[in-house]
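Here is the structure we will look at.
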Amino acid sequence: MAAIPEKPTLDGLDERWSAAWEDAGTYRFDRTKRRPEIFSIDTPPPTVSGSLHVGHVFSYSHTDTIARYQRMRGREVFYPMGWDDNGLPTERRVQNYYGVRCESHLPYDPAFVPPEKPGKDPVPISRPNFLELCARLVAEDEKAFEHLWRRLGLSVDWSMTYTTIGTEARLTSQRAFLRNLARGEAYQADAPTLWDVDFRTAVAQAELEDRELPGAYHALRFHKAGGAGDLLIDTTRPELLAACVAVVAHPDDARYRSLFGAEVITPLYGARVPIVAHRLADPEKGTGAAMICTFGDLTDVTWWRELQLPTRAIVGLDGRIKHDPPEAFSADGHAAYAEIAGRTVKQAQKIVVEQLRASGELDGEPRPITHPVKFFEKGERPLEIVTSRQWYLRNGGREPELRAALIARGHELEWMPAYMRARFESWIEGLTGDWLVSRQRFFGVPFPVWYRLDADGQVLHDARLLPADDALPVDPSTDCPPGFDESHRDQPNGFTADPDVMDTWATSSLTPEVACGWATDPDLFARTFPMDLRPQAHEIIRTWLFSTVVRAHLEFDVLPWKHAAISGWVLDPDRKKMSKSWGNVVTPLEWLERYGADAVRYWAASGRPGTDTAFDEGQIKVGRKLAIKILNASKFALTVGGAGDGGNGAGASDAGGDVAAVTAPLDRALLAALGALIGEATAAFDQFDYARALERTERFFWSFCDDYIELVKVRAYGGETGAAAESARATLRIALSSLLRLFAPFLPYVTEEVWSWWRAGSIHRAPWPSVPELGVTGNPLVYAVAAEVLGAVRKEKSEQGVSLAWPVDRVVVGDTTERLAALDAARSDVCDAGKIAQLSTEVDGQMLVKVELAAPTGP
RNA sequence: GGGCGUUUAGCUCAGUUGGUAGAGCACCUGCCUUACAAGCAGGAGGUCGUGGGAUCGAGACCCACAGCGCCCACCA
């Protein structure tokens, strides 16, 4: 209990209460509670190597309001925070930050110290050294995030953080993978794969994005066998001509029907390729005939697979044309190929076009077009398709039954807002294959797999060596498989490690399992899983949400959570998707310091679930004003009539005041209206609609300040005694108690501050307000009519340009009998508040208020 | 091309069983009133995207169209 300040202020509240909550363990999770008593939240682990912007503050504030509401409802809230620190973003940040480059073949250098400043040329370092730097940098980043989150007032239990590269995450990912493997859900395949030539890794369908790029149609002259003329074929990728394995047209296309089964000879290279038919060939496009290359795009892959064509790959993992030409070229063909060998595809295209022009096999000039090209979402050059050995996880991409089961999971899940389910479904319906989970990178969870080598040192991919479950997590590049030691590594008849790491989503898809302790803490797991809520952004429904559903479905045959709350984006003030540069002009911490956490949270909570919201400094200012208003109104409610240090101390009831003392009709009317508000706010929160709960509460609160307090002020003042005065004072406290608790999920600092003036314990562990605790309530009409008449009196004074304290000789109110009766019940309050000498009423169908001001007195 | 969302005051947005348009900001006017001048009171401002339909009655329901945004698909 603290004294009520003479001049309440928001200054210093954030720091003071953050520290107090930490000391008191206010948000500590009590793991003795059982599953039904617990509300568990699968918090999104933010990418720590990314920049912090107000978008983070926005969506994490939403989740925190839900967490606080559930906690006040009596649920023990399991609200851990994770840090997503594995994967490419961290690698990239480490490379730039320290000026280093990971080279897997280098030996570990225990004495390595990164350069003070990144040099011009990156320093090549070993994989273990590189991983050390990753670990060092993410530790710093995570501190910055935690600082921001604490300041924002997230009610997270900070003793329960996890990271996606930590031991728990590696153990969970590897165990889950091995179980997937044992059940046949994970498998390895040597197949065409989308490949980023800069990152030198395979990427998954979920990580693709289209970008519009300029390109050009080139009409190539293929030669019919036996000199029977030419066949024109349009292509945007003439550089892949050497990889052409067939020409395809639609089976119904009359122009080509007679040619199916025949062969044509490719320009430049003189290779004989068949003309084949396939329904995906579009007669409307180009000449209606297309060349099939291995591989120019995903349609090529489909044709290649379904028509069982040979492979003639010419693009290497480095994105350059391979040096060995495919077979079946003519002598001139080999010469032509030699000129592009070793070149990038871009360079090769120029050369090939020149060669075609020279040979007369380019029909006309290239016709420029703009077309969508597939990119890795983090990449800078178009993806190539190369054949490589990769791990896959079944996700319904190739099995209708699994696909249907996952769509059914989407129906089982409760979405907020509900329409977001459509994105989940359309993603599943568009899957073209299983989930490619292996990445040729370093800072990730390694696949816990080794392979036998034969007597020649060749890898036997079918002869897998797996670790014992209790040995997990393992790093196969430094740990040895059972029965082998380091001397057998990479030796004939020995073993070699699987070189790949898992896709970052392969770990992130297990956040419920990681956070709830599936691998290490079965007791905790039983108390928290399946979880109650997954809050997340809509653009990662296809990745994070979907993959998490897949993993839980495969492993446990359940949904990982009951509800998914999808948040929108923060947009620039001009309503464009927020750009990095704009979002970083002022950092989130600076906003918090400028206006206080409550103010920023207020803005965030005004963004409805799933709705993109423009950043609005004005709303933050409004939030700050609201917080200040709460301080001042509370001070008044708690001190009026000398009640400041009175009877409602540690032992006060939930209601916050003496319910039995509430006797005046106006006061009882207020409690009736308050009860309705509590019902609305509770219903809104139960549907995760925090924005509605805030809006209703705020509206009520301003009316409470402007109307109710003004109406009862005189009655509640210190000079007054008796039941009427006590009734007003008790009602002020009771209403304040409820209102503070209704605001607590949004404005944790100011509400806690006021609560501490007069109540024991944290407001954030206080029970959510309820109608029963208000006791008997009255007719809300009394409050409504009294406020309206007072408003009419104010309006008259305002229009006459006099002070609101100006006396009124007489007011005549015309209204219905029922409303006049309600007014009569609050007659003295209305007269006191309006300084009205005489109030008379007359029954009338329509409300009419006539106000006669007192004449000016004196000079 | 398919789907989802959205369109209400100058700006940001509420408007949940259909009953004669709301809030905040900004703007204008007035007011030091014993919680609050980072305040209080008041005012002005909208044919609710367009066109149809069912209804006694539509911002809300149905249909079509348009703008904006997003998701998915197409990528020769």
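What to note about this one:
- Pairs, first closer than 21 Å to A:ILE38 by Cβ and in contact (Cβ under 8 Å) with a residue 24 or more places away in the chain in region A:541-564, second open to solvent by 10 Å² or more (accessible area, probe 1.4 Å) and within 13 Å of RNA strand B (Cβ to nearest atom), C-beta under 6 Å, six or more apart: A:ALA564/A:TRP415
- Taking the criterion of being among the small types (Gly, Ala, Ser) and under 30 Å from A:PRO748 (Cα atoms), the residues of region A:146-187 that qualify are A:GLY153, A:SER155, A:SER159.
- Selection count where residues are acidic (Asp, Glu) and either surrounded by 21 or more Cβ atoms within 10 Å (Cβ to Cβ) or assigned to a strand (DSSP E or B) (or both), scope region A:523-575: 1
- In region A:732-779, the residues that are closer than 18 Å to A:ALA597 by Cβ and outside any helix (DSSP H, G or I): A:ALA744, A:PRO745, A:PHE746, A:LEU747, A:SER762
- If you go through region A:824-856 and keep only what is over 13 Å from A:LEU790 (Cα atoms), part of a strand (DSSP E or B) and touching a Pro at 6+ places or on another chain (Cβ under 9 Å), you end up with A:ALA837, A:LEU853.
- Meets criteria (modelled with pLDDT under 95 and surrounded by 22 or more Cβ atoms within 10 Å (Cβ to Cβ)) for A:PHE58: yes
- Number of residues in region A:5-21 that are surrounded by 17 or more Cβ atoms within 10 Å (Cβ to Cβ) and over 29 Å from the mean Cα position of the chain (by Cα) equals 2.
- For A:ALA497, the conditions (1) closer than 23 Å to A:GLU555 by Cα; (2) at pLDDT 95 or above; (3) among the small types (Gly, Ala, Ser); (4) surrounded by 13 or more Cβ atoms within 10 Å (Cβ to Cβ) are fulfilled apart from (1).
- Just one residue in the set A:ALA463, A:ALA405 is free of Cβ contacts under 8 Å to residues at least 40 places away in the same chain and among the small types (Gly, Ala, Ser); that residue is A:ALA463.
- Residue within region A:267-284 that is assigned to a strand (DSSP E or B) and surrounded by fewer than 16 Cβ atoms within 10 Å (Cβ to Cβ) present: yes
Yes/no per residue for (1) open to solvent by 50 Å² or more (accessible area, probe 1.4 Å); (2) at pLDDT 95 or above; (3) near RNA strand B (Cβ under 9 Å from one of its atoms); (4) under 14 Å from A:SER828 (Cα atoms):
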{"residue": "A:GLY657", "(1), (2), (3), (4)": "no, no, no, no"}
{"residue": "A:ALA676", "(1), (2), (3), (4)": "yes, no, no, no"}
{"residue": "A:ASP689", "(1), (2), (3), (4)": "no, no, yes, no"}
{"residue": "A:GLU695", "(1), (2), (3), (4)": "yes, no, yes, no"}
{"residue": "A:ARG699", "(1), (2), (3), (4)": "yes, no, yes, no"}
{"residue": "A:GLU720", "(1), (2), (3), (4)": "yes, no, no, yes"}
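- Among the residues of region A:829-859, those identified as surrounded by 15 or more Cβ atoms within 10 Å (Cβ to Cβ) and among the small types (Gly, Ala, Ser) are A:ALA833, A:GLY834.
Every residue, every condition in (1) in contact with a helix residue (DSSP H, G or I) (Cβ under 7 Å, 6 or more places away or on another chain); (2) at pLDDT below 95; (3) aromatic (Phe, Trp, Tyr); (4) buried (at least 22 other Cβ atoms within 10 Å of the Cβ), yes or no:
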position: A:LEU436; (1), (2), (3), (4): no, no, no, yes
position: A:VAL445; (1), (2), (3), (4): yes, no, no, yes
position: A:TYR451; (1), (2), (3), (4): no, no, yes, no
position: A:VAL459; (1), (2), (3), (4): no, no, no, no
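- Residue list for region A:361-386, restricted to those being surrounded by fewer than 16 Cβ atoms within 10 Å (Cβ to Cβ) and closer than 18 Å to A:ARG441 by Cα: A:GLU377, A:LYS378, A:GLU380
- Boolean, A:VAL771 is closer than 27 Å to A:THR697 by Cβ, within 16 Å of RNA strand B (Cβ to nearest atom) and either in contact (Cβ under 8 Å) with a residue 24 or more places away in the chain or among the charged types (D, E, K, R) (or both): no
- Some residue of region A:26-38 being over 22 Å from A:ALA693 (Cβ atoms), open to solvent by 10 Å² or more (accessible area, probe 1.4 Å), of a type outside the set (D, E, K, R) and not in a loop (DSSP other than H, G, I, E, B): yes
- In region A:401-454, the residues that are charged (D, E, K, R), away from RNA strand B (no atom under 16 Å from the Cβ), assigned to a loop (DSSP other than H, G, I, E, B) and under 17 Å from A:LEU554 (Cα atoms): none
Residue-wise test of (1) over 37 Å from the mean Cα position of the chain (by Cα); (2) farther than 24 Å from A:LEU133 by Cβ; (3) touching a residue at least 24 places away in the same chain (Cβ under 8 Å).
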{"position": "A:LEU436", "(1), (2), (3)": "no, yes, yes"}
{"position": "A:ARG439", "(1), (2), (3)": "no, no, yes"}
{"position": "A:TYR451", "(1), (2), (3)": "yes, yes, yes"}
{"position": "A:GLN458", "(1), (2), (3)": "yes, yes, no"}
{"position": "A:ASP470", "(1), (2), (3)": "no, yes, no"}
{"position": "A:PRO476", "(1), (2), (3)": "no, no, yes"}
{"position": "A:PRO481", "(1), (2), (3)": "yes, yes, yes"}
{"position": "A:GLY494", "(1), (2), (3)": "yes, yes, yes"}
{"position": "A:PRO499", "(1), (2), (3)": "no, no, yes"}
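- Those residues of region A:160-191 which are part of a loop (DSSP other than H, G, I, E, B) and either hydrophobic (A, V, I, L, M, F, W, C) or farther than 20 Å from A:ARG136 by Cα (or both), in sequence order: A:MET160, A:ILE165, A:ARG183, A:GLY184, A:GLU185
- Residue in region A:318-335 that is surrounded by 18 or more Cβ atoms within 10 Å (Cβ to Cβ) and touching a His at 6+ places or on another chain (Cβ under 9 Å) present: yes
- A:VAL750 vs. criteria open to solvent by less than 20 Å² (accessible area, probe 1.4 Å), closer than 17 Å to A:THR639 by Cα and modelled with pLDDT of 95 or more: no
- A:GLU414 falls short on exactly one of the conditions (1) under 25 Å from the mean Cα position of the chain (by Cα); (2) within 22 Å of A:ASP479 (Cα to Cα), and that condition is (2).
- Test: residue in region A:752-765 that is of a type in the set (A, V, I, L, M), in contact (Cβ under 8 Å) with a residue 60 or more places away in the chain, within 15 Å of RNA strand B (Cβ to nearest atom) and under 15 Å from A:ILE630 (Cα atoms): yes
The values are calculated or read from the model by the stated rules, or taken from the named source; none is laboratory data. On a predicted model such as this, the values are computed, not experimentally measured, just so you know. Quick reminder, even Gly has a Cβ in these numbers, built from the backbone with ideal geometry, and neighbours come from all protein chains shown. Surface areas here come from the heavy atoms of the whole protein model, side chains and all, with no ligands, DNA or RNA. Shrake-Rupley method; radii C 1.70, N 1.55, O 1.52, S 1.80 Å.
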